[in-house]
1. May I ask you to list the residues in segment 63-87 that are over 12 Å from VAL98 (Cα atoms) and either open to solvent by less than 70 Å² (accessible area, probe 1.4 Å) or in contact (Cβ under 8 Å) with a residue 24 or more places away in the chain (or both)?
2. Tell me whether segment 33-42 contains one or more residues that are at pLDDT below 90, of a type outside the set (Asp, Glu), more than 15 Å from the chain's Cα centre (by Cα) and on the phi < 0 side of the Ramachandran plot.
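The values are calculated or read from the model by the stated rules, or taken from the named source; none is laboratory data. Remember, it's a predicted structure, so these values are computed and weren't measured experimentally. Here Cβ is always computed from backbone atoms with ideal geometry, including for glycine, and neighbour counts include all displayed protein chains. For accessibility, only protein heavy atoms count, side chains too; no ligands or nucleic acids. Shrake-Rupley method; radii C 1.70, N 1.55, O 1.52, S 1.80 Å.
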Amino acid sequence: MNLLARDGSGLPTDPGAWGGHFLAKYAVRSGVVLHAVSGRFMQIDKEDVVLAHENTLELLRVEQGVGLQTVHEQPLFGTIKDLKLLPSQVGGKDCLVV
C-alpha cells in the first residue's frame, strides 16, 4: 500500500495512517502601524492620512468634529518596508510611494 501522495508532498493519502490531525492557523490583521503619511491623495483641498500596517494600506479622511474615518483598506502581496509622500509640483494631488 502506497502511503505517499501522488503530488510528491510526502503526506500520506490515508488520514488514518498519520493520525488524522490538522493544523489550523488563523490570519488576523495586525493593529500595529509601521508608517503613517499625510497628504492630499483624494481631493486637493482636503488632507488625508495613509497608515501602513505590515501588509495593508489604510486610507483615512480627516473630518471636522469626527476625527479620522477609514475610507478604504487595501491588502498587499508582500511586506511594506517604507512609505513616502511624493508631493505634487503643480498644486494637484500628492502621490504615495510604497
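1. GLU63, GLY67, VAL71, PRO87
2. no
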